[in-house]
Amino acid sequence: MPNTTDINHRHRGRRLGPLVMILLAGGLIMSDNGAFIIDDFSLESGMSLLGTRWVGFTDQVMGGVSSARYGVMEEEGRRFLRLQGRVSLENNGGFVQVALSLVNDGRVFDASAYTGIRLRVRGNGEGYYIHLRTRDCLLPWQYYAAPFTAGLEWRDVVIPFNAFTAASLRRGLDTSALTRIAVVGAKREFEADVAMARLEFVGR
């Protein structure tokens, strides 16, 4: 698998590059349907369109034994981010993930003008999650999660913000203060294999 990163040995201490605002016709990059493109994995530098990098984590940061690798690949002219690994519940673990910071120059991301997330995904037919974090998420186990299934063929999945449920939080999801988004395999023992070719916020 080319250009992959072994999460368990190389992700610690990885620094994000400078944050860049990408402009097009006087505004941030938008798709032709009015959505805000978070990443389409088109940049050869490996940076997202927000100017931040995807970073991998597993439950080994808290004593678990799950393992994973991730990287940007290209197939038939399509570039995509792929996460593969083994999710184990041993030692109170149970997750693998790739995450992207949404913080720009110290400011949280305001997605209140949008109603949800659309991702173009393919996988091994297993269920996965999108996790969102906001400035209300002060502890590692605090986040908002919504499930999706990654089928064997590429397809677009739309997840409205009201589908996200809070983990270890009483406050509802504040879409005006997003700090991170992640693709996660979790909560059961299985072989994870999920690819994402596009990620965007969708409007009303």
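The values are calculated or read from the model by the stated rules, or taken from the named source; none is laboratory data. The shown structure was predicted, so the numbers you read here are calculated from the model rather than taken from an experiment. Note: ideal-geometry Cβ built from the backbone for every residue, glycine included; neighbour counts use all protein chains shown.
Return yes when Y128 is surrounded by 15 or more Cβ atoms within 10 Å (Cβ to Cβ), within 24 Å of G93 (Cα to Cα) and either within 16 Å of the chain's Cα centre (by Cα) or not β-branched (V, I, T) (or both) and no when it is not. Break it down into steps so the answer makes sense when it comes.
Values: surrounded by 15 or more Cβ atoms within 10 Å (Cβ to Cβ): yes; within 24 Å of G93 (Cα to Cα): yes; either within 16 Å of the chain's Cα centre (by Cα) or not β-branched (V, I, T) (or both): yes.
The answer is yes for Y128.
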Please go through the stretch 74-113 and pick out each residue that is buried (at least 17 other Cβ atoms within 10 Å of the Cβ), within 16 Å of V61 (Cβ to Cβ) and out of contact with any Phe, Trp or Tyr (no Cβ under 9 Å at 6 or more places or on another chain). S88, G93, G94
Residues that are more than 19 Å from A150 (Cα to Cα) and in contact (Cβ under 8 Å) with a residue 24 or more places away in the chain, drawn from the stretch 62-82: M62, G63, G64, V65, S66, S67
Residue under question is G106, and the condition is that it be more than 30 Å from S176 (Cβ to Cβ) and modelled with pLDDT under 95; does it hold? no
Kindly indicate which of L81, L100, L119 is more than 22 Å from G34 (Cα to Cα) and either assigned to a loop (DSSP other than H, G, I, E, B) or hydrophobic (A, V, I, L, M, F, W, C) (or both). L81
Within the stretch 177-199, can one find any residue that is over 14 Å from the mean Cα position of the chain (by Cα) and more than 23 Å from V87 (Cβ to Cβ)? yes
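Do the conditions hold for N92, that is, is it at pLDDT below 95 and touching a strand residue (DSSP E or B) at 6+ places or on another chain (Cβ under 8 Å)? Talk me through it step by step, then tell me what you get.
Working: at pLDDT below 95: yes; touching a strand residue (DSSP E or B) at 6+ places or on another chain (Cβ under 8 Å): no.
So N92 fails the test.
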Might you let me know whether the stretch 167-190 holds any residue that is more than 23 Å from R53 (Cα to Cα), in a loop (DSSP other than H, G, I, E, B) and hydrophobic (A, V, I, L, M, F, W, C)? yes
Which residues, taken from the stretch 136-166, are without any contact (Cβ under 8 Å) to a residue 40 or more places away in the chain, closer than 20 Å to A111 by Cα and either among the aromatic types (F, W, Y) or surrounded by 13 or more Cβ atoms within 10 Å (Cβ to Cβ) (or both)? Q142, Y143, Y144, A145, A146, P147, V157, F164, T165, A166
